[in-house]
């Protein structure tokens, strides 16, 4: 179980690429990386999660914390490249209504009201 | 100490006299006794030195100095060893405290399964570690309604347990209001939002069964959708209800919905420890659970819960990695 995060900063835009699995064991690593980001007014943070193969609710906690911090600092925060599995997690928890998310166009989200 | 030294000297002399396995074995056993009596490594070398000097008075001074040197450097081994032992003791103390805390949590969070003729109720909740991150709370203070909250605190261990107590007392307070699901969720959201840190939150499914009208009213705060089996159709419906997790934002509104329970219908409420199969996709896991429930549908609600746990545990090759909670309301 591993996680790898890399950031690229271009003026006011911070782009992060997260790769691996986000669970109870790897979450502290990711949290620390994100805590170290300098988020100030006008900065835009964009995290690419297309290479995240698994995430549990601990991962959600980390992104909620980052969302709250960005909102407080009047910065922007966006998650991109969500796979349908991750998108469903944000959908169920109601976070998709709140946060700026971009689903990976290759994998459409399907949330049915009924199933057979 | 004198006595020990005399014994050591005898054992050493025997070995020097004849280097047999048996003599060596006696020495090894003796050292175990010394360790139990907390004799330090440098003391043992000191005993060895004195014994050698007594057995061989003609020993060259250089060898004695060599022993003195060894005694001095071994002092540090002794210190590290003692540190290690005190850490072990400390760890044991923490373990005992954790056990006490887990016991208190279990006691605090005990919920009584309602006894009613209107519904057959089943419930199982298996923690993955000592402290359970899932919690089920039943309310049944009059004959008219049976309510249940299924709660999953994000985060594990002690912080989650503390948060859980807060949820429990919130629900206890609401017991007297006979709350509608949307109201219960709104109040709890406010309590939790004020009290916990940014990365902590709670998902909750709240359902209330009206025994006279056979109507199940439910609302969800970011929780796994429940499943409703309609016997007349032989099909499952997902009871989805949009709502944000508790504790993320203040003043969130929650919607609630109603379904009617007919004879043979049942509702399955669960946490993500049940639906999340780490190595399989989400859609598959729902299908697996539905197929399993179809096989179990003629059992009692409690048996269904227990069988579900056994079967899913088998399926995940005993590698369940989250708390596992299921509640079934069966008409």
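Quick notes
- Cα-based shape type of the stretch B:16-66, given that a ≥ b ≥ c are square roots of the gyration tensor eigenvalues and the cut on a/c is 1.5: oblate
- The distance from the alpha carbon centre of the stretch B:21-47 to that of the stretch B:191-223 is 63 Å, rounded to a whole number.
- Rounded to 5, percent antiparallel among DSSP beta bridges of the protein assembly as shown: 75 percent
- FRET efficiency, 1/(1 + (r/R0)^6) with R0 25 Å, evaluated for residue B:180 and residue B:232 via beta carbons: 0.40
- Peptide B:96-105 shows a mean partner chain C-beta count of 0 within 10 Å per residue C-beta.
- Label-to-label distance for residue A:25 and residue B:69 is 4.7 nm, based on points extended 7 Å past Cα in the beta-carbon direction.
- Principal axis extents of the C-alpha atoms in the protein assembly as shown (largest first, rounded to whole Å): 101, 64, 39.
- A:53, B:220 arranged by Cβ crowding within 10 Å, fewest neighbours leading: A:53, B:220
- The modelled label-to-label distance for the pair residue B:255/residue B:294, using points 7 Å beyond Cα in the direction of Cβ, is 2.9 nm.
- A Förster radius of 30 Å, combined with the Cβ-Cβ distance separating residue B:193 from residue B:128, puts the computed FRET efficiency at roughly 0.65.
- Residue-averaged 222 nm ellipticity for chain B, from DSSP H runs of 4+ at -39500 (n - 2.57), nearest 500: -16500 deg cm²/dmol
- The order of B:249, B:304, going from fewest to most other C-beta atoms within 10 Å of their C-beta, is B:249, B:304.
- Per residue, the convex hull spanned by the Cα atoms of chain A measures out at 105 cubic angstrom.
- Alpha-carbon Rg with Dmax, taken over chain B, Å: 32.1, 103
- Shape analysis of the stretch B:1-120 places it in the prolate category; the axes a ≥ b ≥ c from the Cα gyration tensor give an a/c of at least 1.5, with a/b above b/c.
- With a Förster radius of 45 Å applied to the beta-carbon distance between residue B:315 and residue B:7, the computed FRET efficiency rounds to 0.15.
- For chain A, the 222 nm mean residue ellipticity estimated from helices alone, with every DSSP H stretch of n ≥ 4 adding -39500 (n - 2.57) and the total spread over all residues, rounds to -9000 deg cm²/dmol.
- Ordered by the count of other Cβ atoms within 10 Å of each Cβ, fewest first, B:241, A:84 give A:84, B:241.
- Look at the stretch A:85-91: the mean tally of other chain Cβ atoms within 10 Å of its residues' Cβ atoms is 2.
- Taking a ≥ b ≥ c as the square roots of the Cα gyration tensor eigenvalues, the stretch B:203-331 comes out oblate, since a/c reaches at least 1.5 and a/b does not exceed b/c.
Just so you know, all these numbers are worked out from the coordinates, no wet-lab data involved. A quick note: this is a predicted structure, and the numbers were derived from the prediction, not measured. With ideal geometry, Cβ positions are generated from the backbone for all residues, glycine too; neighbour counts draw on all protein chains shown.
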